[in-house]
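Novice: I have a structure I would like to understand better, so I am pasting it below and will then ask my questions one at a time.
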Amino acid sequence: MNEVIQEGRNKEEALKAALEKLGVTREDVDVEVLETHREGLFGFIGSRPVKIRVFLKQHDDSNFNRIEEDFEDEIGHVQGNPHVAYPDNVTPEDVVKDFVTKVFSCLEVKCDIEVIEGENNIYVDIGGDDSGVIIGKFGQTLDALQFLTNVIMTKKYGNKKKILVNVGDYRQRRETSVKKLARSVARKVLKSKKPEALAPMPPQDRRIVHLTLSTYDHIATTSEGTGKNRKVIISYKD
Amino acid sequence: MKELLELLTKSIVDKPDEVSISEVEGEKAIVYEIKVAESDVGKVIGKHGRIINAIRTIVRAAAVKEGKKVSIELLG
């Protein structure tokens, strides 16, 4: 059993009951609220319990392969061919920061740029009042900047870490709304058993869809189309 | 905007010294023509034109502020 749908008077109660049924702890699961609690008239007429879906955090290999494929897709199968060495005492983060800073000074936008090195990624966080201009329609400008930064670092310096560029909390907000979309379409597919195609979206968003739905039983996700038109198909499987 | 285009192009190519950009400005639109070393043409275009398109997207963000249309051409 990978998931349970549980009702309860409030979220905590429902979650507790669901965890007992699954025999796991809070850390092992993700929770999705299906229906929120509603107070009825005088506390009982027309009141509605909370309904949640609790499912194990797990990923099967097929999903990982697809995610890998989408990742490669993003940097355009760039082969690392380092032929520029870093000058002394200069780290990849410095090069990234220098490049992004220059881009913003050309745009005449004042912002704070912070570059943090992670284990597998380099995070570029951009803050400031006007930094929104770099997001663009559906984040396409931000994605273009991230793509170029990755290409430059991979091609010139043979950088192997993925560079993730974020403005304020844009990516997090985007992630939340993509997850929401994925789940609601998945529910529709579970009911109708007919495949649904999502609108074309950038690799990162597709990745979120694959990951979000990887824990669903009876749901399969595939990517179709090329380039800008690549989209995720959510389908029913027995 | 020209500086931005120059920065992006020079960061991608192997021979930044051979990058030259000319600018034709109209009332509503600006046309930029980029010239790079022959060996760098492919690098600026990228697979399926991805790199040049990313460059276009970023430069357009700058153009929005100035209320102009921008087109970018690469001369081989």
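The values are calculated or read from the model by the stated rules, or taken from the named source; none is laboratory data. Computed from a prediction, not measured in an experiment: that's the story for all the values here. Neighbour counts are summed over all protein chains in view; Cβ atoms, including those assigned to glycine, are modelled from backbone coordinates with ideal geometry. Note: accessible area is taken over every heavy atom of the protein model, side chains too, but ligands, DNA and RNA are not part of it. Shrake-Rupley method; radii C 1.70, N 1.55, O 1.52, S 1.80 Å.
Novice: With N set to the number of residues, divide the alpha-carbon radius of gyration of the protein assembly as shown by 2.2 N^0.38 Å and report two decimals.
Specialist: Expressed relative to 2.2 N^0.38 Å, the Cα Rg reads 1.21.
Novice: How many square angstrom of accessible surface are buried between B and A, both sides summed, with a 1.4 Å probe and rounding to 100?
Specialist: For chain B against chain A, roughly 1800 Å² becomes buried.
Novice: 7 Å from Cα along Cα→Cβ at both B:Lys15 and A:Asp94: what's the point-to-point distance in nm?
Specialist: It works out to 2.9 nm between the two label points.
Novice: In whole percent, what relative contact order does segment B:2-75 give with Cα contacts below 8 Å and a gap of six or more residues?
Specialist: Rounded, it is 33 percent for segment B:2-75.
Novice: Per residue Cα convex hull volume for chain B, in cubic angstrom?
Specialist: 74
Novice: Between B:Lys69 and A:Ser235, take the C-beta separation as r, use R0 = 51 Å, and let me know the FRET efficiency to the nearest 0.05. Walk me through the numbers on the way to the answer.
Specialist: On the way: r = 41 Å, r/R0 = 0.81.
Between B:Lys69 and A:Ser235 the formula returns 0.80.
Novice: Here's a follow-up. Using 0.36 nm per residue, how much length does the chain from A:Arg26 to A:Thr222 gain when fully extended, once their Cα-Cα distance is taken away?
Specialist: Contour length minus the Cα-Cα distance gives 67.6 nm.
Novice: About the Cα centre, and with charges only on the beta carbon of Lys, Arg (+1) and Asp, Glu (-1), how big is the dipole of chain B? Nearest 20 debye, please.
Specialist: Taking the Cα centre of chain B as origin, the dipole is about 460 debye.
Novice: Per residue in segment B:14-51, which ones lose no less than 30 Å² of accessible surface when going from chain alone to all protein chains (1.4 Å probe)?
Specialist: B:Asp14, B:Lys47, B:Arg50, B:Ile51
Novice: Excluding A:Ala17 itself, calculate the net charge of residues whose Cβ lies under 15 Å from the Cβ of A:Ala17, where each Lys or Arg counts +1 and each Asp or Glu counts -1.
Specialist: So the environment of A:Ala17 carries a net charge of +2.
Novice: Take every DSSP beta bridge with both residues inside segment A:89-238 and express the antiparallel ones as a percent of the total, to the nearest 5.
Specialist: Taking every DSSP beta bridge with both residues in segment A:89-238, the antiparallel ones total about 70 percent.
Novice: Where Lys and Arg each count +1 and Asp and Glu each count -1, what net charge lies around B:Ser22 among other residues with Cβ under 12 Å from its Cβ?
Specialist: My count for the surroundings of B:Ser22 gives -3.
Novice: A further question follows. Please return the longest stretch of chain B lacking exposed loop sites, where trypsin sites (Lys or Arg not before Pro) count only if DSSP places them in a loop and at most 16 other Cβ atoms lie within 10 Å.
Specialist: Counting at most 16 other Cβ atoms within 10 Å as exposed, the longest clean stretch of chain B is B:29-67.
Novice: Which value in deg cm²/dmol, rounded to the nearest 500, describes the helix-derived mean residue ellipticity at 222 nm for the protein assembly as shown, given -39,500 (n - 2.57) per DSSP H run of n ≥ 4 and division by the residue count? Intermediate results must be reported in sequence, preceding the final value.
Specialist: Values: 9 runs with 126 residues, N = 314.
Mean residue ellipticity at 222 nm (helix-derived): -13000 deg cm²/dmol.
Novice: Are any of the pairs A:Lys179/B:Lys47; A:Lys57/A:Lys179; A:Lys156/B:Lys35; A:Lys102/B:Lys47; A:Lys188/A:Lys231; A:Lys110/B:Lys28 more than 22 Å apart by Cα-Cα distance, and if so, which?
Specialist: On the way: A:Lys179/B:Lys47 30 Å; A:Lys57/A:Lys179 15 Å; A:Lys156/B:Lys35 20 Å; A:Lys102/B:Lys47 25 Å; A:Lys188/A:Lys231 18 Å; A:Lys110/B:Lys28 26 Å.
Pairs exceeding 22 Å: A:Lys179/B:Lys47; A:Lys102/B:Lys47; A:Lys110/B:Lys28.
Novice: Hey, rough spin-label estimate for A:Thr101 and A:Arg173, points 7 angstrom out along Cα→Cβ, what's it come to in nanometres?
Specialist: Placing both labels 7 Å beyond Cα along the Cβ direction yields 2.7 nm.
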